[in-house]
1. Looking at Met85, Met33, Met48, Met138, can you tell me which residue is more than 19 Å from Gly16 (Cβ to Cβ) and in contact with a helix residue (DSSP H, G or I) (Cβ under 8 Å, 6 or more places away or on another chain)?
2. If the requirement is being among the small types (Gly, Ala, Ser), surrounded by fewer than 12 Cβ atoms within 10 Å (Cβ to Cβ) and either more than 19 Å from Ser5 (Cα to Cα) or modelled with pLDDT of 95 or more (or both), which of these qualifies: Gly75, Gly87?
3. Tell me, which residue of region 18-56 that is among the hydroxyl-bearing types (Ser, Thr, Tyr) and touching a Leu at 6+ places or on another chain (Cβ under 8 Å) is nearest to Glu129 (Cα to Cα)?
4. Within the set of pairs 6 or more residues apart or between chains, which connect a residue that is over 17 Å from Glu112 (Cα atoms) inside region 87-100 to a residue that is modelled with pLDDT of 95 or more and charged (D, E, K, R) with Cβ atoms less than 9 Å apart?
5. Can you name the residue in region 5-32 that is of a type in the set (S, T, N, Q) and on the phi < 0 side of the Ramachandran plot and is also modelled with the lowest pLDDT among such residues?
6. Restricting region 97-140 to residues that are among the acidic types (Asp, Glu) and in a loop (DSSP other than H, G, I, E, B), which is farthest from Val72 (Cα to Cα)?
7. Would you say Ala57 is in a strand (DSSP E or B) and over 18 Å from Leu80 (Cβ atoms)?
8. Kindly indicate whether Val72 is among the β-branched types (Val, Ile, Thr), more than 14 Å from the chain's Cα centre (by Cα) and within 19 Å of Thr20 (Cβ to Cβ).
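The values are calculated or read from the model by the stated rules, or taken from the named source; none is laboratory data. Values in this document were obtained by computation on a predicted structure and should not be read as measured data. Don't worry about glycine lacking a Cβ; one is built from the backbone with ideal geometry, like all the others, and counts go over all protein chains shown.
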Amino acid sequence: MKEQSIIAVMDGQGGGIGATVIKALRERLGEEMEIWALGTNSIATSRMMKAGANRGATGENAIVRSCPRAHVIVGPLAILMPHAMMGEVTPRMAESVSSSDAKKILIPLTQEKVSILGVRNAPLPHLVEEAIKIIEEMRGHV
């Protein structure tokens with residue numbers, strides 16, 4: 001029996017980016033993939049769960065334990081940055097995401113003092129659409 005692919009969507013603060021991603025994944029892929037909501041805080045997790053995640057977990061230990069089990073990790077660029085999101089992303093969280101064998105799909109939105117060269121400025125719905133296309137292309141490989 002083949003294990004179902006796990007897409008971990010990680011977000012913090014209000015969880016708006018993660019909720020948008022999960023809603024779009026559900027609309028396009030239905031129940032085909034298992035989606036985990038990994039929130040740096042309970043508000044973010046709750047909002048992502050309402051958007052249609054199968055499971056949700058909150059906080060450092062939950063994220064550190066879940067990232068190695070995921071096949072794909074989706075979230076804003078800040079999930080790779082220790083102390084990002086006003087300190088919500090701990091160094092252990094960022095390390096867990098970056099060291100996971102999962103494919104990382106990062107949305108280039110950040111409130112941090114970071115500029116990403118070569119990336120066009122696009123609205124969140126367009127960026128989420130690009131993320132969904134990458135996941136759809138991976139379907140047979142995750």
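1. The conditions single out Met33.
2. Result: Gly87 is the single residue among Gly75, Gly87 that is among the small types (Gly, Ala, Ser), surrounded by fewer than 12 Cβ atoms within 10 Å (Cβ to Cβ) and either more than 19 Å from Ser5 (Cα to Cα) or modelled with pLDDT of 95 or more (or both).
3. Thr20
4. Partner pairs satisfying both residue conditions: Arg92/Glu60; Ser96/Glu60; Ser96/Arg65; Val97/Lys104; Ser98/Lys104; Ser100/Arg69.
5. Of region 5-32, the ones of a type in the set (S, T, N, Q) are 5, 13, 20.
Now narrow it down to the ones that are on the phi < 0 side of the Ramachandran plot: 5, 20.
Details: Ser5: 90, Thr20: 97.
Among those residues, the one meeting the criterion is Ser5.
6. This residue is Glu112.
7. Yes, satisfied.
8. no
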